[in-house]
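Just below is one structure, and these are the notes that go with it.
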Amino acid sequence: MASIELKQIVKEFDKGTPIIKNLDLTINDGEFLVIVGPSGCGKSTTLRLIAGLEEVTRGEVYIDNRLVNNILPKDRDIAMVFQNYALYPHMTVYENMAFGLKLRKYPKSEIRQRVKEAADILELGDLLNRKPKQLSGGQRQRVALGRAIVRKPKVFLFDEPLSNLDAKLRVQMRTEIKKLHHHLKTTMVYVTHDQVEALTMGDRIVVMKDGEIHQIGSPSEIYQNPQDLFVAGFIGSPAMNFIPGVLHQGVFQSNTNNIKLILEKSPYKEMDNVAVVLGIRPEDVHLNKQDAHYQEVKLTLEVIEPLGNESILYFSDEGHQITLRTQETNMPLSIGASIPVFFNIDKVHIFDQKTEVAIR
């Protein structure tokens with residue numbers, strides 16, 4: 001196992017145009033850290049800088065307290081798992097898993113032992129003599145994991161490894177990788193654009209945008225206390241509702257003038273006609289909640305999306321969409337009707353319109 005430290009990392013592909021901007025990040029020994037963000041945010045580049053597959057323009061990369069900027073990828077004691085599996089089609093599962101060890105001239109007996117151990121962990125024992133074309137997508141990804149495990153590296157790096165799998169297999173493989181981390185207790189860095197993967201897998205999550213870190217925290221911290229509008233909108237499905245308006249002495253008034261909420265927290269009471277964005281998650285808007293924590297708003301119902309055990313309701317406030325998630329699936333509701341809904345005031349987030357930063 002090993003810690004990883006990135007200090008003031010800058011990466012430029014074109015001179016003067018940084019893809020990664022002064023990035024500082026510490027990954028703890030044995031931690032499962034997920035880097036999440038939209039395409040082009042720099043998350044895969046960050047992973048490749050750790051692996052040594054890309055050269056750092058400025059800054060320092062440490063693995064296990066050792067500066068590795070000028071150390072080749074093969075000498076960094078890391079193993080990387082890619083989204084395209086990268087298996088040799090003419091080799092069996094056993095040969096694919098053993099190949100890296102053979103190149104390093106490990107004794108045959110040790111190779112057999114390591115492959116067997118990895119195959120047992122990943123339940124690949126019955127597949128060792130098959131070729132990749134005889135395997136399902138999930139089995140191929142497990143072989144790619146096995147090839148990494150036999151190396152017994154200090155660090156595992158995952159670059160969107162589940163992107164090519166269907167939805168059911170992705171859920172299964174998320175569980176497999178979490179079980180693997182629990183079993184090996186090795187430092188793992190996992191890159192994904194899927195915020196569900198990030199929330200379900202990571203000990204901590206790094207949310208990136210445009211080559212910069214916007215927030216680092218546990219899944220609960222990221223979800224419950226987003227630091228800015230980007231994090232709030234990117235994490236969570238359906239996405240957080242955003243309502244622009246003005247906050248004056250604890251009273252929020254939407255730009256449409258149809259939504260008025262009284263917010264009791266002291267920072268909000270002290271604000272004087274400040275342009276803000278109110279954020280509230282779909283599960284914090286309810287159809288039938290009437291107590292001190294909830295305030296009523298009337299909205300027009302546009303769409304009902306039934307999902308079996310719950311429904312997603314889409315409301316309109318003069319063209320501005322507000323989403324509600326509910327398990328009250330049997331209530332009689334009419335499309336186009338004006339319906340009272342209830343906002344959980346304790347779960348409201350307020351962001352400054354100019355800076356997009358959360359107001360605490």
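Could you check, for the stretch 230-251, whether at least one of its residues is in contact with a Leu (Cβ under 8 Å, 6 or more places away or on another chain), without any contact (Cβ under 8 Å) to a residue 24 or more places away in the chain and in a strand (DSSP E or B)?
Yes, there is a match, as at least one residue in the stretch 230-251 is in contact with a Leu (Cβ under 8 Å, 6 or more places away or on another chain), without any contact (Cβ under 8 Å) to a residue 24 or more places away in the chain and in a strand (DSSP E or B).
Sort out which residues of the stretch 116-132 are under 24 Å from TYR190 (Cβ atoms) and without any contact (Cβ under 8 Å) to a residue 60 or more places away in the chain, and write them in order of number.
Step one: of the stretch 116-132, the residues under 24 Å from TYR190 (Cβ atoms) are 117-124, 132.
Scanning the stretch 116-132 gives GLU117, ALA118, ALA119, ASP120, LEU122, GLU123, LEU124, PRO132.
Please go through the stretch 155-173 and pick out each residue that is surrounded by fewer than 19 Cβ atoms within 10 Å (Cβ to Cβ) and more than 19 Å from SER39 (Cβ to Cβ).
ASP166, ALA167, LYS168, LEU169, VAL171, GLN172
Considering only residues that are surrounded by 10 or more Cβ atoms within 10 Å (Cβ to Cβ) and of a type outside the set (Phe, Trp, Tyr), which ones fall in the stretch 105-115?
Restricting attention to the stretch 105-115, the residues satisfying the condition of being surrounded by 10 or more Cβ atoms within 10 Å (Cβ to Cβ) are 106, 108, 110-115.
The answer is LYS108, GLU110, ILE111, ARG112, GLN113, ARG114, VAL115.
Would you mind telling me which numbered condition in (1) without any contact (Cβ under 8 Å) to a residue 24 or more places away in the chain; (2) closer than 22 Å to THR46 by Cβ LYS105 fails?
Every condition holds for LYS105 apart from (2).
Looking at the stretch 281-312 only, could you name the residues that are in contact with an Asp or Glu (Cβ under 6 Å, 6 or more places away or on another chain) and aliphatic (A, V, I, L, M)? Before you say what the answer is, go through the steps one by one.
So the first thing to find is which residues in the stretch 281-312 are in contact with an Asp or Glu (Cβ under 6 Å, 6 or more places away or on another chain), and the list is 287, 293, 299, 312.
Those that are in contact with an Asp or Glu (Cβ under 6 Å, 6 or more places away or on another chain) and aliphatic (A, V, I, L, M): LEU287, LEU299, ILE312.
Look at the stretch 266-278 and say how many of its residues are surrounded by fewer than 16 Cβ atoms within 10 Å (Cβ to Cβ) and under 12 Å from ALA358 (Cβ atoms).
Going through the stretch 266-278 one residue at a time, the tally reaches 1.
For the stretch 153-225, give me every one of the helices (runs of 4 or more DSSP H) that falls completely inside it and has 3 or more residues that are touching a residue at least 24 places away in the same chain (Cβ under 8 Å) and out of contact with any Asp or Glu (no Cβ under 8 Å at 6 or more places or on another chain). Before the answer, list the steps.
Details: elements: 167-184, 195-201, 219-224.
Qualifying helices (runs of 4 or more DSSP H): 167-184, 195-201.
Within the set of pairs 6+ apart or on separate chains, which have a first residue in the stretch 323-345 that is at positive phi, a second that is modelled with pLDDT of 90 or more, and C-beta atoms under 8 Å apart?
GLY336/THR300; GLY336/LEU301; GLY336/GLU302
Within the stretch 84-102, take every residue that is in a helix (DSSP H, G or I) and touching a residue at least 12 places away in the same chain (Cβ under 8 Å) and give me the one that is farthest from GLN134 (Cα to Cα).
That would be LEU101.
The values are calculated or read from the model by the stated rules, or taken from the named source; none is laboratory data. Because the structure is predicted, anything quoted here is derived from the model rather than measured. Counting neighbours? That spans all protein chains shown, and the Cβs are built from the backbone with ideal geometry, glycine included.
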